[in-house]
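Single-structure report; data block below.
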Amino acid sequence: MAKRKTPKAKETPNTTTTVTIDGAEIQVPILVSNMLKDQRQTIDYLEHILLLWHYKQYGPNKDEISKDKMDYQNEMAAFIQQFVKEWESRIKAFEDFDKKAAENVEKALDTKETN
């Protein structure tokens, strides 16, 4: 039987990584670590969608809404404000984006009128 040229430990890559859960560092397989990262990205995306809805619904140009609908929406808005991290800064980013988009539309209309 032929001898191995390199030790077996050097042939396989490290299959575990350290993650911090509730302040404790835990060794988990890399696949578990990747799954946790994917879940975090999904949560971030859903928070983004909720914040976008909140901004569009409760932003500076809100329309009149029926009382039943408003009660539900107020409850949803309170939930979003309470549980989404960095709520204020993210809403501010939506406002800035809308302002820039409006400026771009105005510039485009001005250049169209002059041509």
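The values are calculated or read from the model by the stated rules, or taken from the named source; none is laboratory data. In this text, all values refer to a predicted model and were calculated from it rather than measured experimentally. Heads up, the Cβs are rebuilt from the backbone with ideal geometry, glycines too, and the neighbour counts pull from every protein chain shown.
The table below lists the values:
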quantity	calculated
Filter result for the condition that a residue is at pLDDT below 90 and of a type outside the set (D, E, K, R), over Phe83, Phe97	Phe83
Which listed residue, of Gln57, Gln27, Gln41, is at pLDDT 85 or above and closer than 25 Å to Lys92 by Cα	Gln41
Identity of the residue in segment 74-115, assigned to a helix (DSSP H, G or I) and of a type in the set (Lys, Arg), that ends up surrounded by the most Cβ atoms within 10 Å (Cβ to Cβ)	Arg90
Near pairs, Cβ below 7 angstrom, 6+ apart or cross-chain, from segment 40-60 (closer than 13 Å to Met76 by Cβ and in contact (Cβ under 8 Å) with a residue 12 or more places away in the chain) to any residue that is charged (D, E, K, R) and assigned to a helix (DSSP H, G or I)	Leu51/Arg90
Filtered residues of segment 18-32 (kept if under 24 Å from the mean Cα position of the chain (by Cα) and not in a loop (DSSP other than H, G, I, E, B))	Thr18, Val19, Thr20, Ile21, Ile30, Leu31, Val32
